[in-house]
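Down below is the structure, laid out as structure tokens.
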Amino acid sequence: MPGGLLLVTMQPPSDMEDEFNDWYDTEHFPERRALPGFLSASRWAAVEGWPRYLALYELDSVAALETPEYCAVSGDRASPWSQRVVPRTQGRRRIVAAATESSTPMLPPPHATARLLAARYSGLGDEAGRTTRNRTEAGPADIRTYRAQNDLWLLAAFARPVMLADLIGTFGEIAGRGATFFNLYVPYLRSE
């Protein structure tokens, strides 16, 4: 079972969208998927919510982000293209999180997922993650929870299309805490 998650959100300026997707598709994403400890990688586009793009990397542990291979392509060692594109994005959030005990094995792959809910709840303990397993009335195919400092992150994969408004009653609040991030995504597909 994956022990960690790297979750990244960002949105390029509209005049840079094509270059952003070229960079992500041809350089950044393949480079990250090939790193040791990276078990799966997927890109998502927001149906509702902002920023537009979400990248998820399931990790064997958060220590995958400390390997020499990862360090060799990150931060000030990133490619010139990365150093050009990343600073121009908006809404960039990089979350490193550990899987909670209540998490299931890996999320279904994007081709088996019609919608993905990403939600963050501040100030919740790991026990709150266990309560999400009982929230099946909305029909998720799978629910994963992760701990990032004082936040609980929830990823709920749905095999059928759902609307964000339909999920608020089920996932908008956990253990008395409202979600501080609540976006709905579809698998990223590049249109030519």
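Laboratory data are not the source of any read-out in this text; all were calculated from the coordinates shown. Everything numeric in this text was worked out from a predicted model, so none of it was measured.
Run the numbers on the chain and let me know its relative contact order in percent, using alpha-carbon pairs under 8 Å that are six or more apart. Can you show the working numbers first?
Numbers: 382 pairs, mean separation 51.6, N = 192.
Here the relative contact order equals 27 percent.
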Extension gain from E101 to E27, taking 0.36 nm per residue of separation minus the Cα-Cα distance: 23.3 nm
Residue among G49, G172, G75 with the largest mean-square fluctuation in a Gaussian network model of the chain, springs linking Cα atoms under 10 Å: G75
Built amide H within the under 5 Å cut-off of L59, gap 5+: G3, G4, L5, L6, L39
For Y188, distant residues with modelled amide H under 5 Å away: R43, W44, A45
